[in-house]
1. Can you pull out every residue in segment 138-187 that is on the phi < 0 side of the Ramachandran plot, in contact with a Phe, Trp or Tyr (Cβ under 9 Å, 6 or more places away or on another chain) and of a type outside the set (A, V, I, L, M)?
2. Sort out which residues of segment 40-61 are of a type in the set (A, V, I, L, M, F, W, C) and open to solvent by less than 50 Å² (accessible area, probe 1.4 Å), and write them in order of number.
3. Just for segment 279-289: of the residues that are away from the ligand (no atom under 16 Å from the Cβ) and closer than 19 Å to Y246 by Cα, which one is most open to solvent (accessible area, probe 1.4 Å)?
4. Could you identify the single residue in G208, G238, G276, G251 that is more than 16 Å from the ligand (Cβ to nearest atom), assigned by TED's automatic domain parsing to the domain that holds L182 and modelled with pLDDT under 95?
5. Working carefully through the options K237, K206, K186, K248, find the one that is closer than 23 Å to R159 by Cα, charged (D, E, K, R) and open to solvent by 40 Å² or more (accessible area, probe 1.4 Å).
6. Among all residue pairs at least 6 apart or on different chains, which show Cβ distances below 9 Å where the first residue, located in segment 248-274, is in a helix (DSSP H, G or I) and the second is open to solvent by 60 Å² or more (accessible area, probe 1.4 Å)?
7. For segment 19-116, list the strands (runs of 3 or more DSSP E) that sit wholly inside it and hold at least 2 residues that are over 26 Å from N180 (Cβ atoms); which are they?
8. Quick one: in segment 62-82, of everything that is of a type in the set (A, V, I, L, M, F, W, C) and either over 30 Å from K36 (Cβ atoms) or surrounded by fewer than 19 Cβ atoms within 10 Å (Cβ to Cβ) (or both), which residue is nearest to the ligand (Cβ to nearest atom)?
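The values are calculated or read from the model by the stated rules, or taken from the named source; none is laboratory data. Just so we're clear, the structure is a prediction, and the values are computed from it rather than from any experiment. In this analysis, Cβ positions are derived from the backbone assuming ideal geometry, glycine residues included, and neighbour counts consider all displayed protein chains. Quick note on the areas: whole protein, heavy atoms, side chains included, nothing else; ligands and nucleic acids left out. Shrake-Rupley method; radii C 1.70, N 1.55, O 1.52, S 1.80 Å.
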Amino acid sequence: MKRSGGEKWTKKHLLGIEDISREEITMILDQAKGFKEVLSRAIPKVPTLRGKTLVNLFCEPSTRTRASFELAAKRLSADTLSITASSSSFLKGESLRDTARNIEAMHTDMIIIRHASPGAAHFLSRCVRSSVINAGDGAHEHPTQALLDMFTIREKLGRVEGLNVSIIGDIAHSRVARSNILALVKLGAKVTVCGPKTMMPLEIEKTGARVTYQLEEALKKADVLNILRIQLERQEKGIFPSTREYIKSFGVNREKLKRYAGKKTVIMHPGPINRGIELSQDVADSEHSVILEQVTNGVAVRMAVMFLLSQIKSVPERAR
Ligand code: CP
């Protein structure tokens, strides 16, 4: 399929930002802009994927991503099917491959998977004929989150290239951080990562990101702050000393913003927010915050991804 700029979409799956180029990211964002206009209509629906069946296969909890994919599919007139680990035959020991191939035997076209294991989406893409979209695989990638973040930055500030974007929190265990760094660097942003040393991956500089362990350094000159959810379950594993200490050193509140950040700094968070920990209540709901706009944009971005992937034909079973 040729786009207006002459580029051609060629990918059957969206498994990670690592696998797509700057041009492909831009193609998705441009396509999403058109779908955002559709979502503002009195009847926010188009027949683009009529006759297609999309499966949400969620083996980990989710509110935003799952609802967003389901709504995006419905806005494109596709049929949808939702399967969760807690109410499926996973509980009887059925493997991911068998589950997916049995669902696919009912003639489905696209599988959206969230799974705790890094690489689960890549594995699935080798087992099935359907297109596969990674909706988060362990601490590895969350590509549609990064794409909706890029869309939101572009919408708010007009571009991504040349902006200073600081990502704050548990960088080591965050698929959102990983996909965001990859997307931001590909689009030419200057990325700073900030968090406790125990939450910083080794050799993170190789990604092109600058590292700081001082919050004020991350706030200074930042056009965008992307604040990550602190995974409180990791406290038990000794990755950070205490919640109180984390709030003191890395929690973002109005006073720190006033002291160190610019007046127009955009605040992002992928959700769910631990209010009063990584982000104070007043900042989460402030004029700086675009957190709910990120959620709105997620639907348009996922419509764009589904539309582009649907242009690539499946290989028939006998030819595989
Ligand atoms: N941002 C995000 O992935 O949220 P959910 O876990 O609710 O899907």
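1. T144, D170
2. Step one: of segment 40-61, the residues of a type in the set (A, V, I, L, M, F, W, C) are 42-43, 46, 49, 54-55, 57-59.
Residues satisfying the conditions are V46, L49, L54, V55, L57, F58, C59.
3. Q281
4. On the way: G208 fails: modelled with pLDDT under 95; G276 fails: modelled with pLDDT under 95; G251 fails: modelled with pLDDT under 95.
From the options G208, G238, G276, G251, the qualifying one is G238.
5. Numbers: K237 fails: closer than 23 Å to R159 by Cα; K206 fails: closer than 23 Å to R159 by Cα; K248 fails: closer than 23 Å to R159 by Cα.
Checking each option against the conditions leaves just K186.
6. As it stands, the answer is S249/Y213; S249/Q214; R254/D282; K256/E216; R259/E216; Y260/E216; Y260/E217; Y260/K220, since those pairs meet every condition given.
7. Numbers: elements: 53-58, 79-84, 110-115.
It comes to 53-58, 79-84.
8. Here is the first cut: in segment 62-82, the residues of a type in the set (A, V, I, L, M, F, W, C) are 67, 69, 71-73, 76, 78, 81.
Still in the running and either over 30 Å from K36 (Cβ atoms) or surrounded by fewer than 19 Cβ atoms within 10 Å (Cβ to Cβ) (or both): 67, 71, 81.
On the way: A67: 8, L71: 13, L81: 18 Å.
In this case the residue turns out to be A67.
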